[in-house]
Amino acid sequence: MGLKLQMFFVIASVLTFIFVIKKIQKHGLNIDDAIVWILWSIVLLIVSVFPSIPTLISKKLGFMSTSNFIFCLFIFFLYIMLFNQTTQISKLKEKQKDLIQKLSIKDYKNNKE
């Protein structure tokens, strides 16, 4: 990896980390959601500073090239995020259903009286 590309990745990972911290402070981003992004930015920083780590891991796992391993890692991260968001949406749908039922019962009782 060239020095320019390595510096770009270091700056991008640090900016990602700062962006997530600012979102937590100013906009009340949920800590549970932010932890994944903080860990991801730390992993990106480590990979940027030590590019030999993904090369070593990709060779140990049998990937033909390091870029294939990096793509696989990104896809795995996206699957984790997708699964996390799917579970959150499912919980919100259940809460919405409960609220609608409670409001309907309350409205029915108010109209009955």
Expected single match for surrounded by 11 or more Cβ atoms within 10 Å (Cβ to Cβ), modelled with pLDDT under 85 and either touching a helix residue (DSSP H, G or I) at 6+ places or on another chain (Cβ under 6 Å) or not small (G, A, S) (or both) among V36, V10 is V36
Q) Quick check, is I80 within 29 Å of G2 (Cα to Cα), β-branched (V, I, T) and surrounded by 11 or more Cβ atoms within 10 Å (Cβ to Cβ)? A) no
Residue set I89, I46, I75, I80; condition over 23 Å from I11 (Cα atoms), without any contact (Cβ under 8 Å) to a residue 12 or more places away in the chain and either in contact with a Phe, Trp or Tyr (Cβ under 6 Å, 6 or more places away or on another chain) or β-branched (V, I, T) (or both); output residue I89
In region 1-43, anything assigned to a loop (DSSP other than H, G, I, E, B) and without any contact (Cβ under 8 Å) to a residue 24 or more places away in the chain is listed as G2, G28, L29, N30
Subset of region 50-72, residues in a helix (DSSP H, G or I) and either in contact (Cβ under 8 Å) with a residue 40 or more places away in the chain or of a type in the set (S, T, N, Q) (or both), comes to S52, T55, S58, T66, S67, N68
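The values are calculated or read from the model by the stated rules, or taken from the named source; none is laboratory data. Keep in mind that what you see is a predicted model, and the values were worked out from it rather than measured. Virtual Cβ from ideal backbone geometry, glycine too; neighbours counted across all protein chains shown.
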